[in-house]
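Here is the structure we will look at, set down as C-alpha cells.
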Amino acid sequence: MAKPISHSLSLAGPARVIELLENPSAGPAVEAVIVNGQKPRPWQGKLKSLCRRASVTFKTLTDSEFAISPGRPEDEDLVFALVNYSEYQGTDALLLEPPDPDSTVLILDGVTDPGNFGAILRTAVW
C-alpha cells in the first residue's frame, strides 16, 4: 500500500486522553500528555500512571504555562494529548496497489462531526 503521510494534532479532555492511553491500538500514537496542574484533579493519578505504563511523556504545567503551550486546543484548560496520526488514503490510492490481507477498508460519506468519526473508527478497529 502507499505510505501514509504522518501528521500531529492535539486531542483534549481527560476522558478522551485516558481512552487513548487505555486503548493504544484504537487511536493515534500519543507522544505527550500536558496537564494544567494548578489544581489537582481526581483523574490526574490515573493519567500519570497510564503515561508511565505506555512510556508517554507526562508534563504538569502551571496555569500560565498551560495557557501558552504549543498545540493546546483553543478552549481546553485541563489536559490535552499531542498525538501522531496518519492521513487516510483516498480510494484511488487504495486501488493502485494490491490490498494487504490484514487491512480493513472503511468507506464513509457525509460524516461531519469529528466525535462521530472517531467513534466509528474506534468501533471499526474492535
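The values are calculated or read from the model by the stated rules, or taken from the named source; none is laboratory data. Since this is a predicted model, take the numbers as computed values, not measurements. Here the Cβ positions follow ideal geometry from the backbone for every residue, glycine too, while neighbour counts run over all protein chains shown. We work out accessible area using only protein heavy atoms, side chains counted, and drop any ligands, DNA or RNA first. Shrake-Rupley method; radii C 1.70, N 1.55, O 1.52, S 1.80 Å.
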Residues of the range 9-20 being open to solvent by less than 60 Å² (accessible area, probe 1.4 Å) and either of a type in the set (G, A, S) or in contact with a Ser or Thr (Cβ under 9 Å, 6 or more places away or on another chain) (or both), which ones? S10, A12, G13
Within the range 71-103, take every residue that is modelled with pLDDT of 70 or more, part of a loop (DSSP other than H, G, I, E, B) and of a type in the set (D, E, K, R) and give me the one that is most open to solvent (accessible area, probe 1.4 Å). E74
